[in-house]
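Data first, discussion second: the structure below is written as structure tokens.
The values are calculated or read from the model by the stated rules, or taken from the named source; none is laboratory data. Here the structure is a predicted model, which means the values were calculated and not measured. All Cβ positions, glycine included, derive from the backbone under ideal geometry; neighbour counts span all protein chains shown. Remember, those area values only see protein heavy atoms, side chains included, never the ligands or the DNA or RNA. Shrake-Rupley method; radii C 1.70, N 1.55, O 1.52, S 1.80 Å.
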Amino acid sequence: MPARLPSWAWVTGLTVGATAAVVALAVQADKGPHPTAAAARPSASASASAHPAPEPTRTAAPAVPDGSGTGRRIVYSLGQKRVWLVDAAEKATRTFTVWPGTVSPDPGTYTISNTRPATTGSDGVPIEHVLYFAGKSGLSIAFSNAADGSSPPPADGKQTSGIRMPKADGAALWTFGTEPDTKVTVVS
């Protein structure tokens, strides 16, 4: 008759097995395609680590571009693919990267002309927090985020004019941009 293992040995064996499976999946995921924002959700750990991970190194956010105007405004840099929310005191209260469409606005100053809480983008993706501010090539150019928080798929040769961002940034931009007469400055 085989010897029976104590319960702690089973728990230890299961923990080691689960850890090995997670490591194998992490290595496999690092080599494969990266998930969209909708699939990348944090989850609770089954056990706490005795050695917590060090804090990530934080880099200073890029400065608001020179020549981007004055006063309260949204600044969009075409080259950096980045947006800044600048308050009346000339302080950037938030900055984040964006995923531009295939049609970009010309550099200049615009005013938010229309808003929509939600609609469907030209790529068929449900979007929200839509702030229209320009037009080009017969398309309306607007900031928005996918309702599920995902990044947009490649355009497949289609002209798109949406400037997408992560969901939390879309909500912040919506709050900032729906105030009357909000300006948008587009720089190269």
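Each of T175, T119 has its accessible area taken with a 1.4 Å probe; listed largest first, they run T175, T119.
Ligands, DNA and RNA aside, V64 has an accessible area near 40 Å² when probed at 1.4 Å. Y132 sits with roughly 50 Å² accessible to a 1.4 Å probe, with DNA, RNA and ligands left out of the calculation. Between S151 and N114, the contour length at 0.36 nm per residue exceeds the Cα-Cα span by 11.0 nm.
Each residue, A61 and E90, gets one label point 7 Å from its Cα in the Cβ direction; the gap between the two is 1.8 nm. Net charge of the neighbourhood of N145, taken over other residues with C-beta under 12 Å away and scored Lys/Arg +1, Asp/Glu -1, is -1. Using C-alpha pairs below 8 Å separated by at least 6 residues, the relative contact order for segment 89-137 is 34 percent. Taking the centroid of alpha carbons for each part, segment 162-176 and segment 134-150 are 11 Å apart. The distance between label points at S122 and E179 comes to 3.0 nm (points 7 Å beyond Cα on the Cα→Cβ vector).
Among D181, D169, the sequence by solvent-accessible area, most first, with a 1.4 Å probe is D181, D169. All other residues with a Cβ under 13 Å from the Cβ of W99 taken together, and with Lys, Arg as +1 and Asp, Glu as -1, what is their net charge? Its environment carries a net charge of +2. Backbone phi angles across segment 70-79, fed through the Karplus curve with coefficients 6.51, -1.76 and 1.60 (θ = phi - 60°), yield HN-Hα couplings of 9, x, 5, 6, 9, 10, 10, 9, 5, x Hz in residue order; Gly and Pro are listed as x.
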